[in-house]
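Engineer: Take a look at this one; I'll ask things after.
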Amino acid sequence: MKQQLENIRLEALAALEAADSPAALEELRVKYLGKKGELTAVLKMMGKLSAEERPVMGALANTVRAEIETKLDEAKASIGAKVLEAKLAAEAIDVTIPGESVAMGHQHPMNQVLQEIKDMFVGMGYQVVDGPEVELASYNFSRLNIEEGHPSRDRSDTFYFNDEDSILLRTQTSPMQIRYMENHQPPLCMLAPGRVFRKDEADATHSPMFHQIEGLAVAENITMGDLKGALVTIMKKIYGEDSVMRFRPHHFPFTEPSCEMDMQCHKCHGTGEVDGNVCSTCHGEGWIELLGAGMVHPEVLRNCGIDPDKYSGFAFGMGLERMAMGRLKINDLRLIFDNDVRFLNQF
Ligand code: PHE
């Protein structure tokens, strides 16, 4: 029996030494120490021993068990460490591998131009404000001196929401003049960019939704000279110092006198022709229309509780898409709205 125990001891210790996984260790534990294990089997035979031999063998068996248990714990610890090491090695991050680049978006070209324009006006002391796209006819028309029956109020041009034609999608940003003057006393300078809506078919130069930038300055002694000064300064900053501008008389119900501002065509330099052909940029006009403007009509000031005998002002409204097209040399309005990344990525 002594020999048996000695064999178990040697065999078990060698096997534990060689084991290389937690599963293998568990198998060995069961094999040697388990209820049906080899050591247990030997102990079961103790009863057949003589009274003198029994305690000696018992002590020996306990020593063997203790040795195997100690070895088992050691092996467990060292295999655990090895498993952890292997896991860490497998999961290691190589910080020297070049990263995958993330595709970054950027501002829409039209918003880039809007930002430029806003920055310039803010630099001149204008406050930038926002207003509703669903507007009352009184703000969009009546209080701007646009009477009932005026062609721009026609249902074929304007999106109305109700039968009385009193609620609509604003057709211009000019109602912001009224909204601002209702709440601010002169001297005041405001800029109101935003969407406007008209019943237009979409083509290269028209869209049922587009953007305008409204401007308004009211104070004592404001003149048409201030209007020209502000607008020429801005346009030269946008289109270059050498660009040529002109003002043409025009009519708007809410300004008096009214004008439109044109820029000499940068492609044909005002001749309307390129290599004997009609200039495609200005359609032979030689000039490109930039905006409508004028001195705020006294009636409009009065509609907002401002005394026209004391104060005067100018207002203008420019098309943002048109400004962006000119600034970035884009020839079709629809490109601005299509949002094709191959187009957008060029800016
Ligand atoms: N609201 C006018 C338009 O849409 C432009 C404009 C604004 C004209 C302010 C004069 C003053 O055509």
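The values are calculated or read from the model by the stated rules, or taken from the named source; none is laboratory data. Note that the structure is a prediction, hence the values are computed from the model and not measured. So basically every Cβ, Gly included, is an ideal-geometry build from the backbone, and we count neighbours across all protein chains shown. Side chains included, ligands, DNA and RNA excluded: accessible areas come from the protein's heavy atoms. Shrake-Rupley method; radii C 1.70, N 1.55, O 1.52, S 1.80 Å.
Engineer: What residues qualify as long-range amide H neighbours of Phe252, i.e. H under 5 Å apart, gap of 5 or more or another chain, H built at 1.01 Å from N?
Structural biologist: Correct list: Ser258.
Engineer: Hey, got a sec? Which trypsin sites (Lys or Arg not before Pro) in the range 175-216 land in a DSSP loop and have at most 16 other Cβ atoms within 10 Å?
Structural biologist: Answer in residue order: Lys199.
Engineer: At a Förster distance of 45 Å, what's the computed FRET efficiency of Leu84 paired with Asp340, Cβ-Cβ distance as r, to 0.05?
Structural biologist: After rounding, the FRET efficiency stands at 0.30.
Engineer: Treat the chain as a sphere of radius equal to its Kirkwood radius over Cα pairs and apply Stokes-Einstein at 37 °C in a medium of 0.692 mPa s; give the translational diffusion coefficient in µm²/s, rounded to a whole number.
Structural biologist: Estimated diffusion coefficient is 120 µm²/s.
Engineer: Right, here's the next one. In the chain, what percent of the accessible surface is made up of carbon and sulfur (1.4 Å probe, ligands and nucleic acids excluded)?
Structural biologist: 53 percent
Engineer: Hey, another quick one. Sort out for me the Cα centre separation of the range 122-193 from the range 27-69, rounded to whole Å.
Structural biologist: When both Cα centres are located, 101 Å separates them.
Engineer: A further question follows. Mind listing which GluC sites (Glu not before Pro) in the range 180-218 are in a DSSP loop and have 13 or fewer other Cβ atoms within 10 Å?
Structural biologist: Those satisfying the criteria are Glu201.
Engineer: For the chain, what does -39500 (n - 2.57) per DSSP helix run (n ≥ 4), summed and divided by total residues, give at 222 nm, in deg cm²/dmol to the nearest 500?
Structural biologist: One gets -13000 deg cm²/dmol as the mean residue ellipticity at 222 nm.
Engineer: Report the extension gain between Lys36 and Gln107 in nm, rounded to one decimal, defined as 0.36 nm multiplied by the number of residues separating them, less their alpha carbon distance.
Structural biologist: Fully extending the segment from Lys36 to Gln107 adds 18.0 nm.
Engineer: Over the residues of the range 228-347, compute the C-alpha Rg and express it relative to 2.2 N^0.38 Å.
Structural biologist: That works out to 1.29 for the range 228-347.
Engineer: Roughly what would the spin-label model give for Leu136 and Thr205, points 7 Å off Cα along C-beta, in nm?
Structural biologist: The two pseudo-label positions are separated by 3.6 nm.
Engineer: While we're on this one: Need the list of aspartates and glutamates near Lys82 for cross-linking: C-alpha distance under 16 angstrom, and skip anything on the same chain fewer than eight residues off.
Structural biologist: Within the straight-line limit of under 16 Å, Lys82 reaches these aspartates and glutamates: Glu17, Asp20, Asp73, Glu74, Glu91.
Engineer: Take the eigenvalues of the Cα gyration tensor for the range 1-150, scale each by 5, and report the square roots as semi-axes in whole Å, largest first.
Structural biologist: The answer is 93, 21, 12 Å, longest axis first.
Engineer: Which of the cysteines found in the chain have nothing to pair with, since no other Cys Cβ lies under 4.7 Å from theirs?
Structural biologist: Cys189, Cys259, Cys304
Engineer: Can I ask one more? Report the dimensions of the range 189-229 along its three principal axes from the alpha-carbon atoms, largest first, rounded to Å.
Structural biologist: Result for the range 189-229: principal-axis Cα extents of 42, 16, 13 Å.
Engineer: How much length, in nm to one decimal, is gained on full extension between Phe161 and Val128, taken as 0.36 nm per residue of separation minus their Cα-Cα distance?
Structural biologist: 9.1 nm
Engineer: Select from the chain the helices, each a whole stretch of DSSP H, whose alpha-carbon atoms run 27 Å or more along the helix axis and whose Kyte-Doolittle mean is at least -1.0; answer none if there are none.
Structural biologist: Helices meeting the criterion: 53-91.
Engineer: Then there's this: Please list, by residue number, every one of the trypsin sites (Lys or Arg not before Pro) in the range 25-80 that is coil in DSSP and has at most 15 other beta-carbon atoms within 10 Å.
Structural biologist: The qualifying sites are Lys35, Lys36.
Engineer: Same structure, new question: Can you list residues from other chains, or at least 5 along the same chain, whose modelled amide H is less than 5 Å from the amide H of His297?
Structural biologist: Residues meeting the criterion, in which the H sits 1.01 Å from N, are Thr255, Glu256.
Engineer: For the chain, what is the charge dipole size about the Cα centre, in debye to the nearest 20, if Lys and Arg each add +1 at the Cβ and Asp and Glu each add -1 at the Cβ? Before the final figure, lay out the partial values.
Structural biologist: Working: 36 positive and 52 negative charges, 332 e Å.
It comes to approximately 1600 debye.
Engineer: For a distance above 19 Å, tell me the whole-number percent of Cα pairs in the range 87-148 that qualify.
Structural biologist: Values: 1317 of 1891 pairs.
Here the tail beyond 19 Å accounts for 70 percent of pairs.
Engineer: Oh, and also: Taking a point 7 angstrom from the Cα of Ser50 along the C-beta vector, which residues in the range 1-41 have backbone N less than 15 Å away?
Structural biologist: 1-2
Engineer: Which entries of Lys199/Lys228; Lys48/Lys71; Lys118/Lys310; Lys236/Lys267 have Cα-Cα distances beyond 27 Å here?
Structural biologist: Over 27 Å apart, Cα to Cα: Lys199/Lys228; Lys48/Lys71; Lys118/Lys310.
Engineer: If you take the C-alpha gyration tensor of the range 106-195, multiply each eigenvalue by 5 and take the square root, what semi-axes do you get, largest first, in whole Å? Please list the in-between numbers first.
Structural biologist: Details: eigenvalues 149, 62, 19 Å².
Calculated on Cα positions only, the semi-axes equal 27, 18, 10 Å.
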